[in-house]
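Step one of this worksheet: look at the structure below.
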Amino acid sequence: MSAVERPTILSFLNAHGVNLCAGSSAAWSAFRASDVLLRDGVALETALPWLDQPVGLNMNGTDFIPLLLRHLSPRRVAVYGTAAPWLDEGIERLKERTPHDYVDAQHGFHSVEHYIARARELRPDIIILAMGMPRQEEVAVQLKRALDHKVLIVNGGAIIDFLAGRFTRAPAAVQRIGLEWAFRLVQEPRRLFRRYCVGAFGFAHTVMLMRRAAMRSSSAPAPAPMHKEL
């Protein structure tokens, strides 16, 4: 990610993302187009062993993206997403903490063509999309297809809102035990109840379907070898 050779997408997958992919072929295709896809959250940590998949590290974007930006050498960065005043305030926090030149800031409600035109004109080294799932993943795919220079496209979700103080992070102890989702639910019950509470049942159902499909696949007899007559 520090030296991409072409338009490259970095995304993060959590339980909400799994639910979106289960219900939308467009979301599924957008996530599949990511070049780097990192696990985000305790729900996937619990589910992956059921699917005989390695758990790996919890790489949530709220922590990882600022860490990545701090450790990269100075780049030209564009931020597309959220809205005023959070967009400007979030970028100010990034300017204070990272060595980069923030060359463009656009709110998250333009057409895809607008972001493509801006990125073609300014040719940033990094584009941070802070539009929420699945729109940012779909915009990322369109940017990847349209741009012809080396650029890292990061799907950042609410990263700018967190940096701007619009949302408060859970205390470190709450994060360590995997209950940051509950802290956020208390902050925004109306917006997040369906995602976290109703969505938990959909996520569990999807995981069970994937486990059943994996078990059927592993127990299926191997195809008979094909012999070619000479």
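The values are calculated or read from the model by the stated rules, or taken from the named source; none is laboratory data. In this text the structure is predicted, and so the values were computed from the model without any measurement. Counting neighbours? That spans all protein chains shown, and the Cβs are built from the backbone with ideal geometry, glycine included. The protein model used for the area step is the full one, side chains on, heavy atoms only, and it has no ligands, DNA or RNA in it. Shrake-Rupley method; radii C 1.70, N 1.55, O 1.52, S 1.80 Å.
Would you call residue 49 in a loop (DSSP other than H, G, I, E, B) and surrounded by fewer than 15 Cβ atoms within 10 Å (Cβ to Cβ)? Against the criterion (in a loop (DSSP other than H, G, I, E, B) and surrounded by fewer than 15 Cβ atoms within 10 Å (Cβ to Cβ)), residue 49 does not qualify. Total residues in region 28-49 satisfying the condition of being at pLDDT below 90 and either acidic (Asp, Glu) or under 27 Å from residue 218 (Cα atoms) (or both): the figure is 1. Within region 177-200, residues that are on the phi < 0 side of the Ramachandran plot sit with their Cβ atoms under 7 Å from residues that are open to solvent by less than 100 Å² (accessible area, probe 1.4 Å) and among the hydroxyl-bearing types (Ser, Thr, Tyr), at 6+ positions apart or across chains, in these pairs: 181/196; 185/196; 187/168. For region 60-101, a residue qualifies if it is open to solvent by 50 Å² or more (accessible area, probe 1.4 Å), in contact (Cβ under 8 Å) with a residue 12 or more places away in the chain and of a type in the set (A, V, I, L, M), and exactly one does: 84.
Residue 12 passes every criterion in (1) assigned to a helix (DSSP H, G or I); (2) farther than 20 Å from residue 214 by Cα apart from (1).
Determine which member of the set 157, 178, 132, 165 is over 28 Å from residue 75 (Cα atoms) and among the small types (Gly, Ala, Ser). Walk me through how you get there before you give the answer.
Values: 157 fails: over 28 Å from residue 75 (Cα atoms); 132 fails: over 28 Å from residue 75 (Cα atoms); 165 fails: over 28 Å from residue 75 (Cα atoms).
Sole residue among the options that is over 28 Å from residue 75 (Cα atoms) and among the small types (Gly, Ala, Ser): 178.
Note on region 1-30: residues that are open to solvent by less than 20 Å² (accessible area, probe 1.4 Å) and under 20 Å from residue 69 (Cβ atoms) amount to 6.
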